[in-house]
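Enquirer: I'd like to ask some things about the structure below.
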Amino acid sequence: MGSLWTVCLILASLASAALCANPRRPVDVQFGRNYVPTWAFDHIKYFNGGSEIQLHLDKYTGTGFQSKGSYLFGHFSMYIKMVPGDSAGTVTAFYLSSQNAEHDEIDFEFLGNRTGQPYILQTNVFTGGKGDREQRIYLWFDPTKAYHRYSILWNLYQIVFFVDDVPIRVFKNSKDLGVKFPFDQPMKIYNSLWNADDWATRGGLEKTDWSKAPFIAAYKGFHIDGCEASVNAKFCESQGKRWWDQPEFRDLDAAQWQRLKWVRQKFTIYNYCTDRKRYPQLPPECRRDGDI
Ligand SMILES: *[C@@H]1O[C@H](CO)[C@@H](O)[C@H](O)[C@H]1NC(C)=O
């Protein structure tokens, strides 16, 4: 990253700013370029020519949207402003998922709360149909006040979850330890807002207050930076040649490990890797987690 930036800064000073966008900094495009509604089309509202949208949840239905294309590896991000005020019982999700029965999935799930109480960010990784790898954190900001960028870096070496530029979770490729890693099933990107008051808030104790409906989450920045592949493809044309395949993205750098450690120490609520009741034997991939 360092050297690329240096080149970029030099280029920028030569007034070629367009060439110089940080590859990880997505540009804003219109919703319709990359996405289509998944269900309840009338619960999606469009603004600024489709460069910003809202998902509405009411007692009749939630709603969601998905990428038109399927992707094998890349960097996927979404700017989201979570449901403000009383959002207890609601879940706002941003995830990648393959279509098959033994599916791969990479999840961000934002669990709402009563006014003034903190959201929980839950992440999970499914490989070959097996999940049960939940981690939960509190955020270090109020996610309802402004847009924040949530992103997933996925290459052959690792899956990294970022909140803005802070890595909050890493799932290393631990194929050598017998753990499946997503590598040959293209995934689509999904976003949705729905009612999950049977489990989401304080384990289901806090119910959705429908008198506060509609619940509204806002989205922008519909750029997708991935290798597009047909749904049944087993590999990607430009495999190994894209920016996210390069050596500096195969592991976190020292500063990123520091930040991840900070998140773990200060904001972790739950980590399956340290749940000895549920997993008396440490799940193999957890050994790759750095300091756990
Ligand atoms: C909601 O607030 C309560 C009380 O502060 C907290 O225990 C809980 O973790 C918060 N988040 C969710 C999603 O339940």
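Enquirer: Name the strands (runs of 3 or more DSSP E) wholly within region 37-110 that hold at least 2 residues that are within 16 Å of the ligand (Cβ to nearest atom) and crowded, with 19+ Cβ neighbours inside 10 Å?
Expert: Numbers: elements: 44-47, 52-57, 63-67, 70-81, 90-97.
Fully inside region 37-110 and qualifying: 90-97.
Enquirer: Scan region 116-133 and tell me whether some residue there is of a type in the set (Asp, Glu), within 16 Å of the ligand (Cβ to nearest atom) and out of contact with any Gly (no Cβ under 7 Å at 6 or more places or on another chain).
Expert: No, region 116-133 has no match at all.
Enquirer: Considering every residue within region 232-253, establish whether at least one is surrounded by 14 or more Cβ atoms within 10 Å (Cβ to Cβ), in contact with a Ser or Thr (Cβ under 7 Å, 6 or more places away or on another chain) and among the small types (Gly, Ala, Ser).
Expert: Scanning region 232-253, I find no residue that is surrounded by 14 or more Cβ atoms within 10 Å (Cβ to Cβ), in contact with a Ser or Thr (Cβ under 7 Å, 6 or more places away or on another chain) and among the small types (Gly, Ala, Ser), so the answer is no.
Enquirer: Counting just the residues of region 3-36 that are modelled with pLDDT of 95 or more and open to solvent by 70 Å² or more (accessible area, probe 1.4 Å), which one comes out nearest to PRO84 (Cα to Cα)?
Expert: GLN30
Enquirer: When region 194-216 is examined, which residues are found to be within 15 Å of the ligand (Cβ to nearest atom), crowded, with 17+ Cβ neighbours inside 10 Å and of a type in the set (A, V, I, L, M, F, W, C)? It would help to see each step written out before you state the result.
Expert: From region 194-216, those within 15 Å of the ligand (Cβ to nearest atom) are 194-209, 215; that's our starting set.
Remaining after also requiring crowded, with 17+ Cβ neighbours inside 10 Å: 194-197, 200-201, 206, 208, 215.
The answer is TRP194, ALA196, ALA200, PHE215.
Enquirer: Same structure again: Any residue in region 255-274 that is surrounded by 17 or more Cβ atoms within 10 Å (Cβ to Cβ), part of a loop (DSSP other than H, G, I, E, B) and touching a residue at least 24 places away in the same chain (Cβ under 8 Å)?
Expert: Looking for residues that are surrounded by 17 or more Cβ atoms within 10 Å (Cβ to Cβ), part of a loop (DSSP other than H, G, I, E, B) and touching a residue at least 24 places away in the same chain (Cβ under 8 Å), one finds none in region 255-274, hence no.
Residue-by-condition table, conditions (1) within 30 Å of PHE183 (Cα to Cα); (2) touching a residue at least 12 places away in the same chain (Cβ under 8 Å); (3) of a type outside the set (Lys, Arg):
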site	(1), (2), (3)
LYS45	no, no, no
GLY89	no, yes, yes
SER97	yes, yes, yes
ALA101	yes, yes, yes
ASP104	yes, yes, yes
PHE110	yes, yes, yes
GLN122	yes, yes, yes
GLY128	yes, yes, yes
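Enquirer: Consider TRP154 carefully, then state whether it is of a type in the set (A, V, I, L, M, F, W, C) and open to solvent by 40 Å² or more (accessible area, probe 1.4 Å).
Expert: Numbers: of a type in the set (A, V, I, L, M, F, W, C): yes; open to solvent by 40 Å² or more (accessible area, probe 1.4 Å): no.
Against the criterion (of a type in the set (A, V, I, L, M, F, W, C) and open to solvent by 40 Å² or more (accessible area, probe 1.4 Å)), TRP154 does not qualify.
The values are calculated or read from the model by the stated rules, or taken from the named source; none is laboratory data. Fair warning: this is a prediction, and the values are worked out from it, not measured in the lab. As a convention, Cβ positions derive from the backbone with ideal geometry for all residues, glycine included, and neighbour counts pool all protein chains shown. The protein model used for the area step is the full one, side chains on, heavy atoms only, and it has no ligands, DNA or RNA in it. Shrake-Rupley method; radii C 1.70, N 1.55, O 1.52, S 1.80 Å.
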